[in-house]
Amino acid sequence: VKLHVTFQDWEAACKACEAALALDPENRTYTKSLGYCQARANRWDDAFDTLLKMMPESDARTFLGRTLTDLGEHAKGQQQFQLAVR
């Protein structure tokens, strides 16, 4: 996964995380990594669904909000933060 992330090959990183989860489906680190890679691959709905498997909705929205903000998508990030508060 690290190599794919280094080269920002997010789809390949998603596949690597999915393969890891196939071997250890309860691994929270793999699940969170998959959610992050899906977000970076612009698969926001998939990322949200993945993150919901391991955290409450407010935490998943906060995670996505931080990711969006880091990517310069401040308005979309702010929207996720507002949804997290509700």
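Observations
- For residue 20, neighbours were defined as the other residues whose beta-carbon sits under 13 Å from its Cβ, and their charges (Lys and Arg +1, Asp and Glu -1) total +1.
- Against the main long axis of the alpha-carbon atoms of the chain, helix 10-23 sits at an angle near 60°.
- Among (1) 5.1; (2) 8.1; (3) 5.8, the entry that matches mean projected area of the Cα convex hull in nm² as calculated here: (1)
- Share of carbon and sulfur in the accessible area of the chain stands at 50%, probe radius 1.4 Å.
- Taking Lys and Arg as +1 and Asp and Glu as -1, the other residues whose beta-carbon sits under 14 Å from that of residue 5 total +1.
- Average accessible surface for the stretch 12-85: 58 Å² per residue, computed with a 1.4 Å probe over protein heavy atoms with every protein chain in place.
- Degrees separating the helix 28-40 axis from the principal Cα axis of the chain, which is the longest one: 70
- Sequentially through the stretch 81-86, phi angles give Karplus couplings (6.51, -1.76, 1.60; θ = phi - 60°) of 4, 5, 5, 5, 6, 6 Hz, Gly and Pro residues having no value and appearing as x.
The values are calculated or read from the model by the stated rules, or taken from the named source; none is laboratory data. Quick caveat: nothing in here was measured; it's all calculated off a predicted structure. Note that we place each Cβ from the backbone using ideal geometry, even for glycine, and neighbour counts take in every protein chain shown. Just so you know, the surface numbers come from the protein's heavy atoms only, side chains and all, with ligands and any DNA or RNA stripped out. Shrake-Rupley method; radii C 1.70, N 1.55, O 1.52, S 1.80 Å.
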